[in-house]
Amino acid sequence: MKAAHIKQYGNIDTLIVGEVSKPSITASQVLIKVKAAGVNPVDFHIRNGMLKDSGTHELPLVLGWDASGVISEVGDLVTGVKPGDEVFVYAPLTEQGAQAEYIAVNADVVAIKPKSLSFIESAAVPLAALTALQALTAHGQLQKGQKVLIHNASGGVGNFAVQIAKHLGAHVIATGSEAKKDFIMGFGADEFIDYKQDDFEQHVKDVDLVFAAVGGNNIVERSLGVIKPNGRLISLLDEIDEQFAKDKNVNYARMLVEPSKAGLNKITDMLESNQLKVTIDSVYSLDDAKQAMIKSESARATGKIVIEVS
Ligand SMILES: NC(=O)c1ccc[n+]([C@@H]2O[C@H](COP(=O)([O-])OP(=O)(O)OC[C@H]3O[C@@H](n4cnc5c(N)ncnc54)[C@H](OP(=O)(O)O)[C@@H]3O)[C@@H](O)[C@H]2O)c1
C-alpha cells in the first residue's frame, strides 16, 4: 500500500511516499481504509527521532496518528463496530501511523465519526481536540466561572481549547498574533493578547489555569507568575521542575495526550450540537505529504492540516 513513511530518523528529506506492506490485524484490532489523515507536530518530532531510543517503533514507520475512514476488517474479539462503519481515531503513537491507505488499530480507541463532518474534517479532530479536552478537564480541572489563559489559540490544539473552555463556562484569555485575532475571538475568547507585541504578564493575573499549547521563550516558567495560589499550569511541550512550581503554589503537569474512544464520543457530541467547529488550514494529497509536513513544521498553521488519502 502507499504510505508516507521513514526508513531512518532525520530531517524532512527522510520522508518517503511509497510502498510499504499492508498491515494485518490482531484479534482486538480493526483495519481502517483511510480516507483522510491528520497532520500534527508530533509527526515531525517522531521523524526527528523523539522515540528513537525507546525501541518503540520498527522501521519502516508510517507517520501520522490521526485518521478517518471506513472499517474494512474486524478482529475476532472485536465487538461494537463492523465492516462499513465510518470511524475516526487518534491511534497510539507507539504503533504504525495513519498516513497510508490502511491502518490497523485497537478497536477500543476507535469511535464512530461525526455524521455532520466530512472525512477530511473528521481527520482534523482526534489528536488536537483530545489534547484540548484532556488538558482542560482531566489535567486542568477547569470549572465554570474560572479564568484560563490559553497560549497559542490559533493552532490545531488551541482553537479547540478556546471553544471547549467556553463550552465549560470559563473566562478565556487567548494569545495569538494580531493577524489571527478575529479568528480567535470568533470562537468566543473574552480577551486577546498579541504574543508578538505584548508580554502576557503585563495583562494577566490570578488565573485559575494556564494552558501552554506552545513552547519556547520561557513561556511555561513565566506563566507561574500569573496563576492564583493553588492554580494549575499544563504544558504540552516545555518542562519545568515540578518542585519549583510547587514552591510557587502551582500544580504543574507536562501532559501527553492519550487515545480515548470516550473522549472522541464527547467531542462528537460537541461537534454535532455545533458547540465545536473544525478549522482546516490546508489539505494535501498523500503524494504531497512532504509539503504537508513542511507546513506543519513551519508552526504557522491556522487550525489543522489534513492529508486526503482516498
Ligand atoms: N503533549 C501533547 O500531548 C501534545 C499534543 C498536541 C500538541 N502538542 C504540542 O503543542 C504545540 C501546539 O500544537 P498545535 O498542533 O496546536 O501546533 P500548530 O497548529 O502547529 O500551531 C501553529 C500556531 O502557533 C501559533 N504560534 C506560534 N508561536 C506562538 C506563540 N509564541 N504564542 C502564541 N501562538 C503561537 C502560530 O501563529 P502565528 O502564525 O500567528 O505565529 C500558528 O497559528 C506543539 O508544540 C505540539 O508539539 C503536544
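Just so it is clear, none of the values below were taken in a lab; they were calculated from the coordinates. In this text the structure is predicted, and so the values were computed from the model without any measurement. Every residue, glycine among them, receives a Cβ derived from its backbone with ideal geometry; neighbour counts consider all protein chains shown.
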Task: All positions within segment 40-66 that are outside any loop (DSSP other than H, G, I, E, B) and within 16 Å of the ligand (Cβ to nearest atom) - done: Pro41, Val42, Asp43, Phe44, His45, Ile46, Arg47, Asn48, Ser54, Asp66
TODO: May I ask you to say which residue of Lys33, Lys52, Lys7 is closer than 30 Å to Val78 by Cα and not aliphatic (A, V, I, L, M)?
DONE: Lys33
Task: Residues being of a type in the set (Val, Ile, Thr) and not in a loop (DSSP other than H, G, I, E, B) - total across segment 198-255 - done: 7
Task: So Ala174, is it surrounded by 24 or more Cβ atoms within 10 Å (Cβ to Cβ), over 23 Å from Gln29 (Cα atoms), away from the ligand (no atom under 16 Å from the Cβ) and more than 17 Å from the chain's Cα centre (by Cα) - done: no
Open item on the list: Looking only at segment 160-171, count every residue that is within 12 Å of the ligand (Cβ to nearest atom) and in contact with a strand residue (DSSP E or B) (Cβ under 6 Å, 6 or more places away or on another chain) and tell me the total.
Closed with: 2
- [ ] Give me a count of the residues in segment 279-310 that are crowded, with 22+ Cβ neighbours inside 10 Å, more than 20 Å from Val70 (Cα to Cα) and away from the ligand (no atom under 13 Å from the Cβ).
- [x] 1
Open item on the list: Take the residues in segment 212-243 that are within 10 Å of the ligand (Cβ to nearest atom) and hydrophobic (A, V, I, L, M, F, W, C); name whichever of them is farthest from the chain's Cα centre (by Cα).
Closed with: Ile219
- [ ] Could you tell me which of the residues Ala179, Ala138 is within 13 Å of the ligand (Cβ to nearest atom), among the hydrophobic types (A, V, I, L, M, F, W, C) and farther than 25 Å from Ala67 by Cα?
- [x] Ala179
Open item on the list: Can you go through Ile267, Ile280, Ile219 and tell me which one is touching a Leu at 6+ places or on another chain (Cβ under 8 Å), more than 17 Å from His45 (Cα to Cα) and of a type in the set (A, V, I, L, M)?
Closed with: Ile267
TODO: Return the only residue of Gly169, Gly84, Gly75 being farther than 30 Å from Ser21 by Cα and not aromatic (Phe, Trp, Tyr).
DONE: Gly169
Task: Members of segment 225-253 found to be of a type in the set (Lys, Arg) and touching a helix residue (DSSP H, G or I) at 6+ places or on another chain (Cβ under 8 Å), listed by number - done: Arg232, Lys248
Open item on the list: Just checking, does segment 119-134 include any residue being among the polar types (S, T, N, Q), at negative phi and buried (at least 20 other Cβ atoms within 10 Å of the Cβ)?
Closed with: yes
Open item on the list: Between Val148, Val157, which is within 11 Å of the ligand (Cβ to nearest atom), of a type in the set (Val, Ile, Thr) and touching a residue at least 12 places away in the same chain (Cβ under 8 Å)?
Closed with: Val157
- [ ] Please indicate, with yes or no, whether at least one residue in segment 247-264 is of a type in the set (Gly, Ala, Ser) and buried (at least 17 other Cβ atoms within 10 Å of the Cβ).
- [x] yes
Task: Out of Ser28, Ser54, sole residue that is in contact with a helix residue (DSSP H, G or I) (Cβ under 8 Å, 6 or more places away or on another chain) and under 15 Å from Pro92 (Cα atoms) - done: Ser28
Task: Ala37, sole failed condition from (1) surrounded by fewer than 21 Cβ atoms within 10 Å (Cβ to Cβ); (2) assigned to a strand (DSSP E or B) - done: (1)
TODO: Give the residues of segment 8-31 that are of a type in the set (A, V, I, L, M, F, W, C), within 18 Å of Val70 (Cβ to Cβ) and under 23 Å from the mean Cα position of the chain (by Cα), sorted by residue number.
DONE: Val30, Leu31
Task: Every residue from segment 2-17 that is outside any helix (DSSP H, G or I), surrounded by fewer than 14 Cβ atoms within 10 Å (Cβ to Cβ) and either in contact with a Leu (Cβ under 9 Å, 6 or more places away or on another chain) or at negative phi (or both) - done: Lys7, Gln8, Asn11
